[in-house]
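Take a look at the structure below.
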Amino acid sequence: MAGAAGGLIFGYDLGISVRASVSLGDVSVQLPWQVQHFIPTNDHNRNTLRQRHQLLDGQNKRRLGMARELGTRRSPCSDNPGGILFPLDTPNSLVERGMEDEAKTLLKRIRGVDDVEAEFTDMLQARNEARLVENPWRNLVTRRCYRPQLAMSILIPFFQQFTGINVIMFYAPVLFKTLGFGGSASLMSSVITGIVNMFATGVSIYGCDRWGRRSLFLEGGIQMLIFQVAIAALIGSKFGVTGNVTEIPTSFASVVVACICVYVAGFAWSWGPLGWLYPSEIFPLEIRSAAQSVVVAVNMLSTFVVGQFFLSMLCAMKYGLFIFFAFFVVVMTLFCYFFMPETKNIPIEEMTQVWRNHWFWKRFMNDPNDPVNMVIGMSRLDDKA
């Protein structure tokens with residue numbers, strides 16, 4: 001959580017420098033990948049979401065002033081060399097290096113119980129499957145059995161950024177000032193949306209293991225769609241396509257801010273945290289590092305595209321910009337409904353079976369070169385022998 005908080009404080013969302021962006025990209029790949037090895041299935045979900053909560057807390061603190069913001073970004077960077085020079089072993093990393101006794105001892109210490117045979121056996125089996133894969137990048141891209149993971153690693157981070165959330169979070173002061181708020185009022189409005197973002201993430205922490213990921217994804221998508229359309233209607237009715245309004249009534253401004261806050265809350269307990277949690281639960285060991293790298297790369301590329309073109313699109317499309325992003329919310333909600341299986345309480349080692357049982361993705365899971373199919377075939381030969 002400290003690493004996650006430091007990441008956002010020194011410039012995660014704004015990308016203040018190439019070095020910071022590259023450094024954070026590496027941390028973004030490694031942090032979820034390593035943390036998930038330490039945390040049991042249920043606790044891992046909450047821990048991943050708590051990382052986002054820490055990030056948002058840092059984000060809100062940064063809104064208090066640019067000078068203070070740039071100063072506070074220096075200290076978290078000093079945490080990175082310690083993590084690089086003294087990385088922690090995980091049970092999976094020890095198993096991968098053949099240190100099975102040490103891995104089992106560490107697993108017992110992490111779980112706090114002596115009976116870890118079932119989980120340790122799953123790790124050994126996953127290790128055996130992973131060793132059959134020689135090139136994770138090539139296999140992720142070319143093998144049919146990894147089509148579900150490849151699709152998710154690209155589309156989930158893409159959809160996460162094209163909800164339009166960064167239009168609000170990156171340019172909230174500019175947006176509110178464009179709507180007619182004063183300078184200080186626009187800054188305060190952005191602080192309010194940031195606070196809503198932070199606390200709404202707590203709903204996801206509480207509910208992801210109670211209601212499931214799909215429920216939160218779908219509810220959040222519907223909520224964002226409704227209030228994006230409402231914001232577009234309000235702005236369109238007041239500003240039209242000219243944007244020439246001399247006075248903004250307080251009641252109108254309050255309604256706009258309220259709609260934006262509800263929209264932000266919908267993102268904060270669905271696609272915001274779950275856009276990071278869900279991918280960390282579906283990648284098998286043999287392609288996990290490559291697939292997680294794709295997630296981070298697509299996420300940051302999409303963030304860059306939105307950040308670069310938002311102001312031009314706002315000038316050209318006016319209130320239609322919210323309709324533009326609402327279209328993507330519709331697409332991603334339908335994608336979630338039809339193509340994203342539930343992962344609640346399902347260990348990573350068992351996700352392959354989930355894809356095999358899915359109505360669409362099962363057609364890609366009969367590849368004889370699939371490492372899992374190869375292991376199953378070898379097991380059957382051993383049984384016959």
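The values are calculated or read from the model by the stated rules, or taken from the named source; none is laboratory data. Keep in mind it's a predicted model, so treat the numbers as computed, not measured. All Cβ positions, even for glycine, are placed from backbone atoms using ideal geometry, and neighbour counts span all protein chains on display. Remember, those area values only see protein heavy atoms, side chains included, never the ligands or the DNA or RNA. Shrake-Rupley method; radii C 1.70, N 1.55, O 1.52, S 1.80 Å.
Here is the figure for the stretch 136-174: residues that are over 25 Å from L216 (Cα atoms) and not in a helix (DSSP H, G or I) total 1.
It is to be established whether one or more residues within the stretch 358-371 are assigned to a helix (DSSP H, G or I), at pLDDT 80 or above, in contact with a Cys (Cβ under 8 Å, 6 or more places away or on another chain) and surrounded by 12 or more Cβ atoms within 10 Å (Cβ to Cβ). Within the stretch 358-371 (the criterion being assigned to a helix (DSSP H, G or I), at pLDDT 80 or above, in contact with a Cys (Cβ under 8 Å, 6 or more places away or on another chain) and surrounded by 12 or more Cβ atoms within 10 Å (Cβ to Cβ)), the answer is yes, since at least one residue qualifies.
Could you tell me whether any residue of the stretch 256-270 is open to solvent by 60 Å² or more (accessible area, probe 1.4 Å) and without any contact (Cβ under 8 Å) to a residue 24 or more places away in the chain? No - not one qualifying residue is present in the stretch 256-270. All conditions in (1) modelled with pLDDT of 95 or more; (2) not in a helix (DSSP H, G or I); (3) not small (G, A, S) hold for T343, with the sole exception of (1). Contact map, the stretch 179-207: residues that are under 24 Å from G236 (Cβ atoms) paired with residues that are modelled with pLDDT under 75 and of a type in the set (K, R), Cβ distance under 7 Å, separation 6+ or inter-chain. Pairs shown: S186/K177; S190/R63. Taken over the stretch 133-143, the residue count meeting the criterion of being open to solvent by 60 Å² or more (accessible area, probe 1.4 Å) and either among the acidic types (D, E) or touching a residue at least 60 places away in the same chain (Cβ under 8 Å) (or both) is 2. For A118, state whether it is over 30 Å from L225 (Cβ atoms), open to solvent by 40 Å² or more (accessible area, probe 1.4 Å) and not acidic (D, E). The answer is yes for A118. Please work out if N128 is of a type in the set (S, T, N, Q), part of a helix (DSSP H, G or I) and open to solvent by less than 50 Å² (accessible area, probe 1.4 Å). The answer is no for N128. Among the numbered conditions (1) more than 18 Å from G220 (Cβ to Cβ); (2) surrounded by fewer than 22 Cβ atoms within 10 Å (Cβ to Cβ), the only one that F328 does not meet is (1).
What number of residues within the stretch 120-168 are at negative phi, of a type outside the set (A, V, I, L, M, F, W, C) and at pLDDT below 90?
16
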